[in-house]
């Protein structure tokens, strides 16, 4: 199901701590970075913190700039982003600043936690997610029911850790502060445990006052039927490649990217690439990889359009080429319409050959855009 774009935001000391063990919150950032964070808050639809952060820091989570708030209202948005917290127990202080500042609030909790949260009279919408907290269900509810398209997550470390481990974070904005904490009992940003493999992609680095902002995106594909945030990034790239295809009235414009399990891009291609007027995107990408490359067995093919099951221009359709290459996971945006081939079912061919097919329908519009002259 569609999820919001999830942006993790945090500041840490040079030795990786979020705070020290003193009674007052350690201010890691300076005025310039606080203003940057305010700008990011103004750009999102919702801000999320865990219940532990509310207890420890008693944050207000406001957009402080009157100009930015006015700009939100002028754009038809609420003055403040929706404020979201997560608590399995529902043990929340109704007098905390979180509930009495800003705009609307929502609490995601368990069935038992909802009883407790409602009993204390929280000034918020209380949403139970079942016997246990489920991040995918939470994000789907935010997207579908609350209309949240961009979600900023400001902590704490346990929340950041869970979202990264489950492959649900689209971006990490990490600020590095020029100081050390050195206290073993102080909270760290990330806890130990299994994370997705692969290196994150550095998108931006810049000084903000005396701290340094680093922005990262995940690169490692998901596994099986559950999409990861990186799946969205790679499929978006495939859609961009489709838009770069030479136009045609007799064939679709399609982009494709082949990505190893560790997030390494193996190859990319698009329809009618180079001097070949009939080459398909997946075919063009796979042709650039040495046959038998051991990384193909655990790789993912991203294609803006479902790989073809039948074609007249080549002996082997793309679905068969993918299976022959050893790839067993395909992520696509758009099922092939009957424009040129009646009853096209590349996904069925792939599934019959043992491949997992993941359709991210929220990208369908991007995949269709360069083909609107071909389909209604």
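With 140, 101, 110 as the choices, which residue is surrounded by fewer than 22 Cβ atoms within 10 Å (Cβ to Cβ), farther than 26 Å from residue 34 by Cα and over 22 Å from the mean Cα position of the chain (by Cα)? Before you say what the answer is, go through the steps one by one.
Numbers: 140 fails: over 22 Å from the mean Cα position of the chain (by Cα); 101 fails: farther than 26 Å from residue 34 by Cα.
Of the residues listed, the single one that is surrounded by fewer than 22 Cβ atoms within 10 Å (Cβ to Cβ), farther than 26 Å from residue 34 by Cα and over 22 Å from the mean Cα position of the chain (by Cα) is 110.
Any residue at all in region 84-95 that's over 30 Å from residue 31 (Cβ atoms) and not in a loop (DSSP other than H, G, I, E, B)? Before the answer, list the steps.
Step one: list which residues in region 84-95 are over 30 Å from residue 31 (Cβ atoms), which gives 87-92, 94.
Filter once more, keeping what is not in a loop (DSSP other than H, G, I, E, B): 87.
Within region 84-95, one or more residues are over 30 Å from residue 31 (Cβ atoms) and not in a loop (DSSP other than H, G, I, E, B).
Evaluate the following for residue 11: is it out of contact with any helix residue (DSSP H, G or I) (no Cβ under 9 Å at 6 or more places or on another chain), farther than 29 Å from residue 144 by Cβ, in contact (Cβ under 8 Å) with a residue 24 or more places away in the chain and assigned by TED's automatic domain parsing to the domain that holds residue 141?
Working: out of contact with any helix residue (DSSP H, G or I) (no Cβ under 9 Å at 6 or more places or on another chain): no; farther than 29 Å from residue 144 by Cβ: yes; in contact (Cβ under 8 Å) with a residue 24 or more places away in the chain: yes; assigned by TED's automatic domain parsing to the domain that holds residue 141: yes.
No; evaluated as a whole, the condition is false for this residue.
The rows are residues; the columns are (1) modelled with pLDDT of 95 or more; (2) within 23 Å of residue 18 (Cβ to Cβ).
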position: 111; (1), (2): yes, no
position: 128; (1), (2): yes, no
position: 158; (1), (2): no, yes
position: 176; (1), (2): yes, yes
position: 180; (1), (2): yes, yes
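Looking at region 336-364 only, could you name the residues that are modelled with pLDDT of 95 or more, closer than 30 Å to residue 149 by Cα and in contact with a helix residue (DSSP H, G or I) (Cβ under 9 Å, 6 or more places away or on another chain)? Quick ask: steps written out before the conclusion?
Of all residues in region 336-364, those modelled with pLDDT of 95 or more come to 346-360, 363-364.
Subset that is closer than 30 Å to residue 149 by Cα: 347, 356-360, 363-364.
Correct list: 347, 356, 357, 358, 359, 360, 363.
Quick check on residue 269: is it on the phi > 0 side of the Ramachandran plot, touching a strand residue (DSSP E or B) at 6+ places or on another chain (Cβ under 9 Å) and either at pLDDT 95 or above or not assigned by TED's automatic domain parsing to the domain that holds residue 328 (or both)? Reasoning before the result, please.
On the way: on the phi > 0 side of the Ramachandran plot: no; touching a strand residue (DSSP E or B) at 6+ places or on another chain (Cβ under 9 Å): yes; either at pLDDT 95 or above or not assigned by TED's automatic domain parsing to the domain that holds residue 328 (or both): yes.
When the stated conditions are applied, residue 269 does not pass them.
Among the candidates 67, 40, single out the residue that is assigned to a helix (DSSP H, G or I), at pLDDT 95 or above and touching a strand residue (DSSP E or B) at 6+ places or on another chain (Cβ under 7 Å). Before the answer, list the steps.
Working: 67 fails: touching a strand residue (DSSP E or B) at 6+ places or on another chain (Cβ under 7 Å).
Going through 67, 40 in turn, just one is assigned to a helix (DSSP H, G or I), at pLDDT 95 or above and touching a strand residue (DSSP E or B) at 6+ places or on another chain (Cβ under 7 Å): 40.
Listed residues 77, 68; which is under 30 Å from residue 333 (Cα atoms), in the same structural domain as residue 168 (by TED's automatic domain parsing) and surrounded by fewer than 18 Cβ atoms within 10 Å (Cβ to Cβ)?
Step by step, each of 77, 68 is checked, and only 77 is under 30 Å from residue 333 (Cα atoms), in the same structural domain as residue 168 (by TED's automatic domain parsing) and surrounded by fewer than 18 Cβ atoms within 10 Å (Cβ to Cβ).
Taking residue 278, is it surrounded by fewer than 18 Cβ atoms within 10 Å (Cβ to Cβ), closer than 24 Å to residue 337 by Cβ and in contact (Cβ under 8 Å) with a residue 24 or more places away in the chain? Step through it out loud before you land on a result.
Details: surrounded by fewer than 18 Cβ atoms within 10 Å (Cβ to Cβ): yes; closer than 24 Å to residue 337 by Cβ: yes; in contact (Cβ under 8 Å) with a residue 24 or more places away in the chain: yes.
Answer is yes for this residue.
Just checking, does region 132-148 include any residue being in contact with a helix residue (DSSP H, G or I) (Cβ under 8 Å, 6 or more places away or on another chain), farther than 14 Å from residue 48 by Cβ and in the same structural domain as residue 9 (by TED's automatic domain parsing)? Break it down stepwise before answering.
Pass one, region 132-148, residues in contact with a helix residue (DSSP H, G or I) (Cβ under 8 Å, 6 or more places away or on another chain): 135, 148.
Checking which are farther than 14 Å from residue 48 by Cβ leaves us with none.
No.
The values are calculated or read from the model by the stated rules, or taken from the named source; none is laboratory data. As the structure is a computational prediction, the values presented were derived from the model and not from experiment. Note that each Cβ is placed from the backbone with ideal geometry, even for glycine, and that neighbours are counted across all protein chains shown.
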